[in-house]
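A short write-up of the structure that comes next.
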Amino acid sequence: MKVQRTNLLKQLKYEKNEDKISKLEVELADVENEIDLIYVAREGEAHIKWLTSEFGEDVFPDRD
């Protein structure tokens, strides 16, 4: 993802066509959002692991 982001930034730097610039910006925003989601998911997973290690599986009781 980071390589794709870097390539898009390079393309944006040298692109002159406004239509292509707009498409590249949209694609770049999508890639950056996906990167952000990956980081958030990793942080959430680490937090869940910490919760279960500190408080056990009962930290998430059944809600019947």
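The values are calculated or read from the model by the stated rules, or taken from the named source; none is laboratory data. Since we're looking at a predicted model, the values are computed, not measured. Positions of Cβ are generated from backbone atoms using ideal geometry, with glycine treated the same way; all protein chains shown enter the neighbour counts. Note: areas computed on protein heavy atoms with side chains; ligands, DNA, RNA excluded. Shrake-Rupley method; radii C 1.70, N 1.55, O 1.52, S 1.80 Å.
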Cross-link partners among lysines for K13, C-alpha distance below 28 Å, same-chain residues fewer than 8 apart left out? K2, K23
When the chain is modelled as a GNM with alpha-carbon springs shorter than 10 Å, which of L28, L51, L12 fluctuates the most? L51
Whole-percent carbon and sulfur share, accessible surface of the chain, 1.4 Å: 52 percent
Which sequence of E18, E27 reflects their accessible areas, 1.4 Å probe, from the largest down? E18, E27
Where does the Debye-calculated log10 I(q)/I(0) of the chain sit at q = 0.20, 0.25, 0.30 Å⁻¹, using only Cα point scatterers of equal weight, no solvent? -0.79, -0.99, -1.15
Just the accessible area for D36, please: 1.4 Å probe, Å², rounded to the nearest 10? 90 Å²
Helix 18-55 vs. the chain, principal-axis angle (Cα, 0 to 90°, nearest 10): 10 degrees
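For the chain, give the magnitude of the charge dipole about the Cα centre (Cβ charges: +1 Lys/Arg, -1 Asp/Glu; no others), in debye to the nearest 20. Kindly include the intermediate steps, with their values, before the conclusion.
Values: 10 positive and 16 negative charges, 134 e Å.
With only Lys, Arg, Asp and Glu charged at Cβ, the dipole is about 640 debye.
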So how tilted is helix 2-14 from the main axis of the chain? Cα-based, degrees 0 to 90, rounded to 10. 20 degrees
Provide the per residue accessible area, probe 1.4 Å, for the chain, rounded to a whole number of square angstrom. 89 Å²
